[in-house]
Amino acid sequence: MAEAELTRFIKPDLQADLFSWSLDEAAIARAELFDGKFALLTNVADLGAVEAVARYKSLADIERGFRVLKSDIEIAPVHHRLPDRIRAHALICFLVLVLYRVMRMRLKAKGHSASPRTALDLLARIQKHTAHAGNRTLHGISRTTPEQLDLFEAMDLPKPA
């Protein structure tokens, strides 16, 4: 990428017998106008600056959602060909992102320091157990830690019983 950027400023002399180049001072001066600035370019003629920034931020939010799906939630891309399966997969991904955001908002609203990823890791340690002893079947869950109980409270969820 950096090499491609340099071609804007360095011009080779393709007619010379030996390798020769020169700096394009005008291109350097134009580039210096953007130093320290973040520029958004769009091909939508009637889009104002405020709306362009809002759309850019929503795009960043969407990309962050895909990163969450791939890393935190570990949903891999699946290649479906049947329309019903494509819609079902998209719905599952959408619901997962909604739940993830609700977790984030509830944790933040209660001033909890855990991220959704950390919360999911802590809550994944809770296990349901079923034991069979003769004719008896016993059910239970692993002992919850104070951290885990804090998370249930912060997200306004009932504690496991």
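Pairs of Lys residues in the chain are counted when their Cα atoms are under 23 angstrom apart and they lie 8 or more places apart or on different chains; the count is 7.
Helices meeting the span-like rule in the chain (full DSSP H runs, Cα extent of at least 27 Å along the helix axis, mean Kyte-Doolittle score of 0.5 or higher): 83-109.
Close amide H partners of Asp24, meaning residues 5 or more places away or on another chain with modelled amide H under 5 Å apart, are Ile10, Lys11. With Rg/Rh (Cα atoms, Kirkwood Rh) in mind, check (1) 1.31; (2) 1.23; (3) 0.96 and report the label derived from this structure. Entry (2).
Readers should treat all values here as calculations from the given coordinates under stated rules, not as data from a laboratory. Source: prediction; values computed, not measured.
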